[in-house]
Structures are given as structure tokens and as C-alpha cells.
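Asker: Provided herewith is a single structure, encoded as C-alpha cells, for subsequent inquiry.
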Amino acid sequence: MGKNEKLQVQRKIVSGADYIESLRDRGLNVWLFGEKVAEPVDHPMIRPSINAVARTYDLAVENPELASVISPFTGERVSRFLHVCTNVNDLVAQNKMQRRLGQLTGTCFQRCVGMGAFNSLYSVTFELDRKHGTPYHARLKRFLTEMHRHNYVVGGAMTDVKGDRSKAPHQQADPDLFVHVTRRTKDGVYLTGAKAHQTGCLNSHWMVVMPTLRMVKGDEAYTIVGAVPVDAPGITYIYGRQSCDTRSMEGGGIDAGNANYGGQEAMVILKDVFIPNELIFMDGEIEFAAMLVQRFTTYHRRSYVCKSGVGDVLIGAAAQIAEMNGVDSASHIKDKLVEMTHLNETIYGTGIAASYQGHATQSGAYINDDMLANVCKHHVTRLPYEVARLSQDLAGGLVVTMPSEKDFNHPEIGALLKKYLKGRDDFSVEERVRILRLIENMTLGRNAVGYLTESMHGAGSPQAQRIEIGRTMQLEYKKRLARVLSGIETEKDKNEVVEELTGYFARVFALPPPVTSVAGKQKAA
Ligand SMILES: Cc1cc2nc3c(=O)[nH]c(=O)nc-3n(C[C@H](O)[C@H](O)[C@H](O)COP(=O)(O)OP(=O)(O)OC[C@H]3O[C@@H](n4cnc5c(N)ncnc54)[C@H](O)[C@@H]3O)c2cc1C
Ligand code: SF4
């Protein structure tokens, strides 16, 4: 039996332990430190990232309302990460699940890119089929049904390596710098190219390959969307290393800072990877690539409320170290914790507002507000850096000068360290060291990848959000508001300003559906 067939017969994944077992023996071609990895599941540097995904399954068992849904395709409970939103509550619940998982793992739990891919493709394939009479939407639904049947993890492979950023895909000196179709048969297509920075790719069962930017004439071969099993022949994974990552290979559980959980990114290289027709969801329709990228980023940019959950952990660590150092009652310390909380809730506030201001697409799938999603992600490119700065302020210099766990355990020098690194009497030196290592982990170490640099570039670098904000900010309408109040415009123009609510402002001023009062409900009953 082939590896892919093995995945097909695998029983439905329910718990984190089931999930970890499902990743074994897949024979993936994974490279790390110049060597092929025999079994990623057992590699100490890779395992924390697997644990983080496993936590998404365990949360669904502990709190099914928050982290799972009843599948519209199978009628069984599946992860909320596989769900296509059909109302505002679905969008909001995704954000609440993301914040909770950020709190529980203190890192990237890797499943939101696939979630954004499903949600955006659902509406885009619907509209594409309406225009071109193609069969993509029905195929996507069959694929989703299969993913739900097994409760799989699906990654979203969007970002190409991109070569010369000033050139379109078909203009690159090397045609492989963007993933593209190299060969066609009556059964499907073959793809070659590379996707960079792929979050959780090894920890997924499937990935959805998508174009990374709007396509122009000549880019037809690059306009390809399809699903690929992670263990498909022709895929090579080259694991990305993270700051301080080898600490998890040193033994001991303190110096890693967050020994259980970490994120994962790898480069995915595709060489003649086959996608059968049944798993192709866009093929050459260049005008729909931009729609897909725009909708994907709209979903994904408000998924960054994950950072507010991670921020909760860092704020907690900062408050804890202040208490351990005996400075927690100082007014400037309290004020800094208030500032950190203010910044953190700003991220959450804009993300959750984007979800509450969601609306239906033609397919019936719901999408969140694009302006607010971009504002959320733009905050994320900045505010976690300030939260991290303040946490280092409260931590003191020891956060970067502390000796290793081995020194603390040494019979001779360990006693010296325990004497001289004591803080408040009611906390042990080890407790103090553990909190400092966690702050280091989140602001300089492995999980700073997810909390800081991922915040900067994931779902698009800062300028990508500014472009979207600029595109949707309705300046002409705002200028007219100003002209009317300053007395420049006529009475007729005033009426138009009141009536003319389009785009973002149509959503801002759309009133929520009426709430039935308790008395009304009783009367109806
Ligand atoms: C930790 C992490 C996880 C990620 N996870 C995923 C994932 O799971 N799936 C996925 O598909 N992608 C993922 N990404 C990729 C992410 O979307 C990209 O990093 C982002 O789009 C920026 O692309 P880049 O890294 O190639 O940087 P670049 O595009 O090289 O950007 C560098 C700078 O150049 C500027 N720039 C780029 N192009 C132009 C241009 N044409 N004109 C002017 N300025 C330009 C940018 O604004 C930026 O300031 C991840 C990234 C990170 C860092
Ligand atoms: S960075 Fe956040 S939004 Fe992106 S995959 Fe990780 S947890 Fe999800």
C-alpha cells in the first residue's frame, strides 16, 4: 500500500496523541543541519512544534464548543480549523480559539494558514465557476469532506521564493522561482518550484498550493491552486532553524525556556509533483488569483489575534519576574504592565472587530472585514515588539547573562549561583530562572520567531497592509464630509453624504440583527 493510500484508510484523528501517531512513518524527505531526518516526530528540535499542533486537538476534546464544529459534510465533530465560516459567530469563534491556543502554547500552533486557505477558496471557486463554468467548487467540497472525515491538518503554501521582486513570475530569469505547471497530462498537472517559510508544513497531512500575488498575462502557468499530500513524491523539505533551537537538543528542561512548545517553518521544494484533476481548484484563470490572495489575507490578517494569547503569557511572565524581584508594587512597574495589556488588547480588539463586522460572500461563506483585519495585522507588525521591550525592561539584565542549567546543577558552582541569584525569599532560584528563560525564549529565542518576526512578515510585510488600508480608506467620501461641515457643499451634497454609504462605511453603519427580548421569546413560545 502506498503512503498516500495509508493516509486514506487512517482512522479519524481525535486527540493530540492520535495526531502525533498519524505523523509517524511517512518517509518524508526532510533535511536539517545537512542531514536527512529519519523520523521528524522523534527529533528533539522538531517535536515541540508537533506538540503545539497536538494541543489544538486536545483543546477540541477539552472544549469542543470552542475548538471544534459539527461538520456540515460528515455530521461529525471536526476541528474548527477545518471549518468554512457561514456566519459571524463562526468568525468570532475562530479568533477566540486562536487566543486561547496562544495562551496554552506561547507559540505558533500552525493551523491558521490552512484555515484561511479553505475559507477564501470556498468563495473564490464559487465565483470562478459562475463565470467560467469550471468544476472547482464541487471539487473543493469533496476535498474538504475528505479532510473532515479524517480530521486532518492542512497547511497553506502561498509564499513563493520570488527571486527579483520587481519582476512578474513569467519574467524571472529562472522560471522555477515561482511554483508553476511544467507538464500536463489528461489526468492532471506536474508542478515545480519552491515555497518559502512554510509554517507547520511537516506537521500537516495535506497542503494547499496557491499563487502568492496577483497574476498578469503571461503568468497562466503560475496561476495554479491544488491540494497535495505532504508525503507526495517529489517534495523536499529543508527545515528552517530558529534562534537558540539547539537548546532542545542539550537535555534538561530549563534553558529551552518553553521546552514543550515551538513553531515550525521549512522551505518546501517541489520537483514534478503531480496533482490529479480532482484536486485542482484553479488553473490559469489569472483574474481570480488576485481575488484569492486578497481574501486569503483578509482572513489571515485577523487570525493574528493569536499574538494576543501569546502576549498574555509574556505579560504574565513580566509580572511574575517583577514579583520575584520584589518590585511589583512600584508604580512604574504597574504602569508598564498596564501599557503591555493596552497594546495586547489593541491587537485583540481590532482582530475580533474584523470578525464581528464580517459579511456573506456569494457562496454563503462569511468573510471578516478587510479594513479592520489589515489594521489588526499592521498593529501586530509593531506592538509585540513594544510588549517584548517592556518585558525585558522588567526582567533585568539577567535575562541575557544567566549561566546555563548545567552550571546551576554543578556540585561546586551550582551552590554559588543559588546563593547569588536569589530574589525574593518566597521564590526559589530555579523558579526565577525558569521565568527569565521563558522571557528570553519569547523575545530572543525560539518563540520570538512566532511572536516577533512572524508578526512582521507573516500574511504580508507591513507595506502590504498599508496598501490595502490605502485602497479601502474612502478618502473622497471623508473629504466630502469635511467639505459639508465647513460649509463648502450644498444641501444636495449633504443628503448624498448621508445616503452614500458604500464599502467599509456600509459595513460600519450596518446595524446588527435585532435581538429578541426575553418577553418576545416567551410570547413566541
Ligand atoms: C515565520 C514566518 C511564517 C510564515 N508562514 C507562512 C506560511 O505558512 N505560508 C506561506 O505561504 N507564507 C508564510 N510566510 C511568508 C510571508 O507571507 C512572507 O514572509 C511575506 O509575504 C514577505 O515575503 P518575503 O519574506 O519574501 O519578504 P520580501 O518580499 O522579500 O520583503 C522584504 C521587504 O521588501 C519589500 N518588498 C517586497 N517586494 C517588493 C516590491 N515588489 N516592491 C517594493 N518593496 C517590496 C517588503 O515590503 C519588505 O519590506 C511566513 C513568514 C514568516 C516570517
Ligand atoms: S502565527 Fe498565529 S495566525 Fe499564523 S499560523 Fe501561527 S498561530 Fe496561526
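Asker: Does the chain classify as rounded, prolate or oblate by the C-alpha gyration tensor (a ≥ b ≥ c root eigenvalues; a/c under 1.5 gives rounded; else a/b over b/c gives prolate, otherwise oblate)? Numbers along the way, then the final one.
Answerer: Details: a/c = 1.69, a/b = 1.17, b/c = 1.45.
Taking the square roots of the gyration eigenvalues as a ≥ b ≥ c, the chain is oblate.
Asker: Starting from 0.36 nm per residue, how many nanometres of slack lie between Gln171 and Ala360 once their C-alpha separation is accounted for?
Answerer: The span from Gln171 to Ala360 would gain 64.3 nm if fully extended.
Asker: Okay, next question. For region 1-129, please report how many Lys pairs fall under 27 Å Cα to Cα, leaving out neighbours fewer than 8 apart on the same chain.
Answerer: 4
Asker: Here's something else I'd like to know. Shape call for region 34-110 from the C-alpha gyration tensor, a ≥ b ≥ c root eigenvalues: rounded (a/c under 1.5), prolate (a/b greater than b/c) or oblate?
Answerer: Details: a/c = 2.63, a/b = 1.93, b/c = 1.36.
Note, shape of region 34-110 comes out prolate.
Asker: Rounded to the nearest 0.05, what FRET efficiency do Ile469 and Asp425 have when you use their Cβ-Cβ distance and R0 = 51 Å?
Answerer: 0.50
Asker: Further, regarding this structure: Out of the total accessible area of the chain (probe 1.4 Å, heavy atoms of protein only), what percent is carbon and sulfur?
Answerer: C and S atoms contribute 56 percent here.
Asker: Turning to a different aspect of this structure: Going by the alpha-carbon gyration tensor, a ≥ b ≥ c the square roots of its eigenvalues, is region 221-344 rounded (a/c under 1.5) or, if a/c is not under 1.5, prolate (a/b greater than b/c) versus oblate? Let's see the in-between values first.
Answerer: Values: a/c = 4.84, a/b = 1.87, b/c = 2.59.
Oblate shape, in that a/c is at least 1.5 and b/c is the bigger or equal ratio.
Asker: To the nearest 20 debye, what charge dipole does the chain have about its Cα centre, counting +1 at the Cβ of each Lys and Arg and -1 at the Cβ of each Asp and Glu?
Answerer: 660 debye
Asker: Per residue, what accessible area does region 401-495 have, given a 1.4 Å probe and all protein chains present, in Å²? Let's see the in-between values first.
Answerer: On the way: 5500 Å² over 95 residues.
The answer is 58 Å² per residue.
Asker: Ranked from highest to lowest mean number of other Cβ atoms within 10 Å per residue, what is the order of the peptides 213-219, 195-201, 268-274?
Answerer: 195-201, 268-274, 213-219
Asker: If you count only protein heavy atoms with a 1.4 Å probe, what accessible area per residue comes out for region 1-124, rounded to a whole Å²?
Answerer: Accessible area per residue: 38 Å².
Asker: On alpha-carbon atoms, Rg over Rh for region 43-192 using Kirkwood Rh? Write down the numbers at each step before the final one.
Answerer: On the way: Rg = 18.2 Å, Rh = 17.7 Å.
Reported Rg/Rh, Kirkwood definition of Rh: 1.03.
Asker: Also: Under the 0.36 nm per residue contour assumption, what length would be gained going from the current alpha-carbon distance of Glu76 and Glu386 to full extension?
Answerer: Here the segment from Glu76 to Glu386 would lengthen by 107.3 nm.
Asker: Follow-up question, since we're still on this one. List nothing, just return the count: lysine pairs in region 156-249, 8 or more apart or interchain, with Cα separation under 23 Å.
Answerer: Value for region 156-249: 5.
Asker: Efficiency by 1/(1 + (r/R0)^6): what FRET value for Asp42 and Lys406, r their Cβ-Cβ distance, R0 = 22 Å, to the nearest 0.05? The partial results should precede the final answer.
Answerer: Details: r = 24 Å, r/R0 = 1.07.
Approximately 0.40, to the nearest 0.05.
Asker: State the extension gain, in nm to one decimal, for the chain segment bounded by Leu511 and Lys186, taking 0.36 nm per residue of separation less the distance between their alpha-carbons.
Answerer: The span from Leu511 to Lys186 would gain 111.9 nm if fully extended.
The values are calculated or read from the model by the stated rules, or taken from the named source; none is laboratory data. These numbers were taken from a predicted model, which means no experiment stands behind them. Reconstructed Cβ throughout: ideal geometry from the backbone, glycine too, with neighbour counts over all protein chains shown. Heavy atoms of the whole protein, side chains included, go into the accessibility calculation; ligands, DNA and RNA do not. Shrake-Rupley method; radii C 1.70, N 1.55, O 1.52, S 1.80 Å.
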